[in-house]
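No value in this document is a laboratory result; all are computed from the given coordinates. All values derive from a computational prediction rather than experimental measurement. For neighbour counting, all protein chains shown are included, and Cβ atoms are generated from backbone atoms with ideal geometry for every residue, glycine included.
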Amino acid sequence: MNGTPRLYHEDSFLHAFDARVVAHSSWNGAPSVILDRTAFYPESGGQMADKGALAGIPVTDVQEDEAGAIHHVLSGPLPPAGAHVRGEIERRRRLLHMALHTGQHMLSRALLDVARGETVSSRLGETACTIDLGVEKIDERALARAEELCNSIIEDDLEIRAFFPTELELKSLALRREPKVSENVRVVAIGDFDVSPCGGTHCGRTAQVGLLRVTSLERYKGKIRVTFAAGRRAFEELTAHSDVLQALGREFTCGPTDVPSAVDKLRRELTLAREALGHARAELAESSAEELWAKAQATDSTRVVAVFEDVDVPFLRAVAKRITARERSVVLLAATTSEGVKVLCGRGPGSAFDCGAFVMQAALRTGGRGGGKPEGAEGRLPVGVDFAKLVVELCI
Ligand SMILES: [Zn+2]
């Protein structure tokens, strides 16, 4: 026997079949069953394995060994050798694989014809399908044309034929790529659009692919990697994106297609709001600095000590900058935040106060951190530190 006879070669829509258990074996340490024939597709050629059930027991993996025997890995006890069993393929999963695989043939052909990109490898994954092209770059408009060509081939509803040609017949076929096997070459012809050697499962007509979408393009190891979706997966991805856009439209009280301009408007408003906030902060820093300096002057002092709530360090710097413009001034500022007490120390050009030493002492005393130069320093003290009290203690 030349490996396990494959029923999917004749009919990829066969989702239930009867077979006999020929032997028990194992695959990667897991017990497996070998049948006298099977409709289960083993993982190969970049296509994932089928799932389903054998005699009611879930089939978790299907693999092909070097001799061509197909192993069915089951999640329960194996039916005995010689037993007649019913095999059932998970229909939705198989139909998706057929659409993805047929879509891959069509897109590989379209990329070759429209963008001169030859497929060097392809992968139909659980979540994404990719085609690697042996070119370093590709024109995005050509890629869009290739996608459009695939969808027009879907609309044309061409017949897809899988067959084993005679050697003579094989020589006369214009195959897109060389076969990977030397005998029993199986050929898949999508109308007269594409003819390729392939052992996988495909749709019977192009309309069954439903829809093909190129979802991304990237450079990968000196090649171009095209990610695509087809069939139900393309539909589900589009639906998910559409749902997000609809929800955004409701948020912005506009239609889905107006979301980009609504986001643009929001961006412009944000820029204006940031500018206004910047001006307001500058004014607030100015008036705070004036007020604090006036208070200090009222007590004949050149030292300003102040604690702010819910302000950021740039605000402290803005206030300090205005006060330290005065010749002999010293500023000791703090902002209480949920992350701790942020402190800033600065001095005027005529002052000999050592800001770095002050912040370092404050950090040492409280278990905080910080430091700087004699002219200016910053730090962060633990939550709850009474900064005004600390200043009195450290500056006596
Ligand atoms: Zn194929």
Quiz item: In terms of Cα to Cα distance under 18 Å, which lysines are near enough to residue 321, apart from those fewer than 8 places away along the same chain?
Solution: 295, 342, 373
Quiz item: Once the convex hull of the C-alpha atoms of the range 160-309 is built, how many Å³ does it hold per residue, rounded to a whole number?
Solution: 245 Å³
Quiz item: When a footprinting reagent is the concern and you count Cβ atoms within 10 Å, what order do 271, 302 take, fewest first?
Solution: 271, 302
Quiz prompt | Student exercise, the chain dipole from Lys, Arg, Asp, Glu Cβ charges, in Debye to nearest 20 | solution = 1040 debye
Quiz item: Helix 231-252: angle to the longest alpha-carbon principal axis of the chain, degrees 0 to 90, nearest 10?
Solution: 30 degrees
Quiz item: Using just the C-alpha positions of the range 94-249 as equal point scatterers, what log10 of I(q)/I(0) does the Debye formula give at each q in 0.21 1/Å?
Solution: -1.40
Self-check item: All lysines inside 23 Å of residue 221 as judged from Cα atoms, apart from same-chain residues fewer than 8 positions distant
Solution: 137
Quiz prompt | Furthest towards positive pole of dipole, 52, 110, 311, structure part the chain, Cβ charges | solution = 311
Quiz item: What do you get for Rg/Rh of the chain when both radii come from the Cα atoms and Rh is the Kirkwood radius?
Solution: 1.31
Self-check item: Estimated dipole of the range 7-89 in Debye, rounded to 20 [Cβ of Lys and Arg +1, of Asp and Glu -1, Cα centre]
Solution: 280 debye
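So, by mean Cβ neighbours within 10 angstrom, what's the order for 67-76, 8-17, 174-183 with the highest one leading?
Values: 67-76: 18.5, 8-17: 16.6, 174-183: 11.0.
The peptides rank, most packed first, as 67-76, 8-17, 174-183.
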Quiz item: What does the highest-first list of 354-360, 255-261 look like by mean Cβ count within 10 Å?
Solution: 354-360, 255-261
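Treating the beta-carbon of each Lys and Arg as +1 and of each Asp and Glu as -1, no other charges, what is the dipole magnitude of the range 205-317 about its Cα centre, to the nearest 20 debye? Provide the component values of the computation, followed by the final result.
Details: 17 positive and 17 negative charges, 268 e Å.
Computed about the Cα centre, the dipole is about 1280 debye.
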Quiz prompt | Cross-link partners of residue 171 among lysines (Cα-Cα below 25 Å; sequence separation of 8 or more within a chain) | solution = 180
Quiz item: Is it possible to state the helix-based mean residue ellipticity at 222 nm for the chain, with each DSSP H run of 4+ residues giving -39500 (n - 2.57), the sum divided by total residues, to the nearest 500 deg cm²/dmol? What is it?
Solution: -12000 deg cm²/dmol
Quiz item: Which of the chymotrypsin sites (Phe, Trp or Tyr not before Pro) found in the range 219-252 are loop residues per DSSP with 12 or fewer other Cβ atoms within 10 Å of their Cβ?
Solution: none
